[in-house]
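Some notes on the structure that comes next.
The values are calculated or read from the model by the stated rules, or taken from the named source; none is laboratory data. What you are looking at is a predicted structure, and each value in this text was computed from that prediction instead of being measured. We place every Cβ from the backbone using ideal geometry, glycine too, and count neighbours over all the protein chains shown. Side chains included, ligands, DNA and RNA excluded: accessible areas come from the protein's heavy atoms. Shrake-Rupley method; radii C 1.70, N 1.55, O 1.52, S 1.80 Å.
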Amino acid sequence: MSILLTGGLGFIGSHVAASLLEHGHDVVILDNLCNSQASVARQLELLCAKPIPFYEGDVRDNAILATIFSKHPIAAVMHFAGLKSVAQSATDPLLYFDNNVGGTITLLQAMQQHGIYQFIFSSSATVYGIPQYLPYDEVHPTCPINPYGRTKLQAEEILADLAVSDKRWAIASLRYFNPIGAHPSYTIGELPNDQPNNLMPYINQVASKQRPFLTVFGNDYDTKDGTGERDYIHVMDLAEGHVAALRLIQKSAGLHTLNLGTGQPYSVLEMIQTFEKATGQSIPMKIGPRRQGDLPIYYACADKAKVILQWEAKRTLKEMCESAWKFELQRQSLFK
Ligand SMILES: NC(=O)c1ccc[n+]([C@@H]2O[C@H](COP(=O)([O-])OP(=O)(O)OC[C@H]3O[C@@H](n4cnc5c(N)ncnc54)[C@H](O)[C@@H]3O)[C@@H](O)[C@H]2O)c1
């Protein structure tokens, strides 16, 4: 049996594919390449030394889903295919609801038609919104403050209704915190097609002299050093969390909502210092104004995943920075 990964050539999906293959699972990938490159499939094939069925297409396309489900014995689906820019979701909300919510509905309908009921969904810490308390645990109220977060919450609500409607569904909705880093082969990593939205790709671009300096958005927050604090998680820890979530849904039906984070927040300045120490590269920076919609601090309560998945993030911030940089050094030769 195989696992279908939608968006499986993107940052998180490609690392989960690598982890699943290392654990002996077969994978099939569907990706429309709107934020990834076909050559990632080749890198995955080199890593696992076997061909990987890859379909270039859209998760909203019924016909391609029918082809995949008819041709491959799919046991479970991991749904990474989504758009993730908070800023773009505010300027083009219809695109985000169509892709993220519409895509999820089309995929679930196709699964139901083909009798496949195991599903893992890429949700996000953005569903929580302004913290009522920290760390966010899974029962923290959900009130996202941007359209992107609302697409994730709507998809979660659909999943909750689906799980109640039919006891065959076994669903894990995984609320990711801030994944960074790269696979230990350094042949897959974060490869945004456009301007990145998050800190680590910017730091890499400054370190590799593609940008002259890093702009830090605000240093007057009520945090340990005035800059924003986030819960960074190594993408390989996140990937292993998916392997654990797959084990869970294989034996336990219903909806399982779980944070995947470390529980440890780091500030932007701590991140820069750790990167500089880990890589020997210096990161020139300037302090800019706060960015609209940024929260000062948030981080996960990671206890539920520890108990339910018997999984916890293990890798340090230094390891995250080192691996991201080593991937950046190889990136130019691997991906033209
Ligand atoms: N990276 C993060 O910080 C983060 C945090 C929380 C949640 N998430 C969610 O996790 C998922 C994966 O994130 P990522 O960082 O790997 O993003 P990514 O952009 O690197 O990967 C998403 C992949 O999905 C593909 N895709 C998008 N829409 C598609 C569609 N309609 N049909 C087929 N393929 C499509 C893209 O080409 C890309 O390869 C997303 O749903 C994202 O919202 C990401």
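Using a 1.4 Å probe, how large is the accessible area of LEU94, given in Å² and rounded to the nearest 10?
140
Pick out the long, greasy-scoring helices in the chain: whole DSSP H runs spanning 18 Å or more along their own axis by Cα, mean Kyte-Doolittle at least 0.5.
Details: long enough: 147-165 (27 Å, -0.09); 235-251 (25 Å, 0.54); 317-334 (26 Å, -0.66).
In the chain, the long hydrophobic H runs are 235-251.
Counting other Cβ atoms within 10 Å of each Cβ, which trypsin sites (Lys or Arg not before Pro) in the stretch 237-303 have at most 14 and sit in a DSSP loop? Kindly include the intermediate steps, with their values, before the conclusion.
Numbers: sites: ARG247, LYS251, LYS277, LYS286, ARG290, ARG291; in loops: ARG290, ARG291.
Here the sparse-neighbourhood loop sites are ARG290, ARG291.
Let me know the charge dipole size of the stretch 147-305 about its Cα centre in debye, to the nearest 20, where only the beta-carbon of Lys, Arg (+1) and Asp, Glu (-1) is charged.
Dipole about the Cα centre, nearest 20: 240 debye.
Please list, in chain and number order, the residues 5+ apart from TYR55 or on another chain whose amide H is under 5 Å from its amide H, with Hs placed from the backbone.
ILE29, LEU30, ASP31
Just LYS326, LYS304, LYS50 to compare: in a GNM of the chain, with alpha carbon springs under 10 Å, which one fluctuates most?
Among LYS326, LYS304, LYS50, the largest mean-square fluctuation in the Gaussian network model of the chain belongs to LYS50.
Based on the alpha-carbon gyration tensor of the stretch 223-282 and its eigenvalue square roots a ≥ b ≥ c, which shape applies: rounded if a/c is under 1.5, prolate if not and a/b is larger than b/c, or oblate?
oblate
Quick one: putting +1 on the C-beta of Lys and Arg, -1 on the C-beta of Asp and Glu, what dipole do you get for the stretch 136-176 around its Cα centre, in Debye to the nearest 20?
With Lys and Arg at +1 and Asp and Glu at -1, about 120 debye.
When all protein chains stay in place, what accessible area (Å², nearest 10, 1.4 Å probe) is found for CYS143?
90
Cα atoms only: what Rg and Dmax, in Å, come out for the stretch 97-179?
Cα-based Rg and Dmax for the stretch 97-179 come out at 13.4, 42 Å.
Against the empirical 2.2 N^0.38 Å scaling, what ratio does the C-alpha Rg of the stretch 106-145 come to? Mind dumping the intermediate values first?
Values: Rg = 14.9 Å, N = 40, 2.2 N^0.38 = 8.9 Å.
Here the Cα radius of gyration is 1.67 times the empirical estimate.
Taking the stretch 130-289, how many lysine pairs are there with alpha carbons less than 27 Å apart, if each pair must be eight or more places apart or span two chains?
Step by step, the pairs that qualify in the stretch 130-289 add up to 8.
May I ask you to evaluate 6.51 cos²θ - 1.76 cosθ + 1.60, the Karplus curve with θ = phi - 60°, for each residue of the stretch 253-264 and list the ³J(HN,Hα) values in order in whole Hz, giving x for glycine and proline?
Going residue by residue, I get 6, x, 9, 10, 9, 9, 6, 10, x, 9, x, 10 Hz, with x marking Gly and Pro.
How would you order 58-71, 164-177 from highest to lowest mean count of nearby Cβ atoms within 10 Å?
So the order, starting with the most tightly packed, is 164-177, 58-71.
Charges only on Cβ, +1 for Lys and Arg, -1 for Asp and Glu: so what's the dipole of the chain about the Cα centre, in debye to the nearest 20? Show your work: numbers first, answer last.
Values: 28 positive and 32 negative charges, 89 e Å.
Once rounded to the nearest 20, the dipole reads 420 debye.
Select from VAL307, VAL86, VAL28 the residue whose mean-square fluctuation is largest in a Gaussian network model of the chain (Cα-Cα springs shorter than 10 Å).
Of VAL307, VAL86, VAL28, the most mobile in the Gaussian network model is VAL307.
With a 1.4 Å probe and every protein chain left in place, work out the accessible area per residue of the stretch 217-294 in Å², rounded to a whole number.
About 44 Å² of surface per residue is accessible.
What is the Cα centroid distance between the stretch 215-289 and the stretch 122-196, reported in whole angstrom?
Cα centroid to Cα centroid, the span is 14 Å.
Under 5 Å between amide hydrogens, which residues at least 5 positions from ILE233 or on another chain qualify, with H placed 1.01 Å from N in the peptide plane?
The list, which skips near neighbours in sequence, is ASN178, ILE180.
Take the solvent-accessible surface of the protein heavy atoms, probe 1.4 Å, and return the percent of it on the stretch 106-188 that carbon and sulfur atoms account for.
Solvent-exposed carbon and sulfur of the stretch 106-188 make up 54 percent of the total.
Report the per residue volume, in Å³, of the convex hull enclosing the C-alpha atoms of the chain.
Measuring per residue, one finds 123 Å³ for the Cα hull of the chain.
So what is the 222 nm mean residue ellipticity for the chain from helices alone, if each DSSP H run of at least 4 adds -39500 (n - 2.57) and you divide by all residues, rounding to the nearest 500 deg cm²/dmol?
-12000 deg cm²/dmol
Given just the C-alpha atoms of the stretch 221-336, how large is their convex hull per residue in cubic angstrom?
So the per-residue Cα hull volume is 162 Å³.
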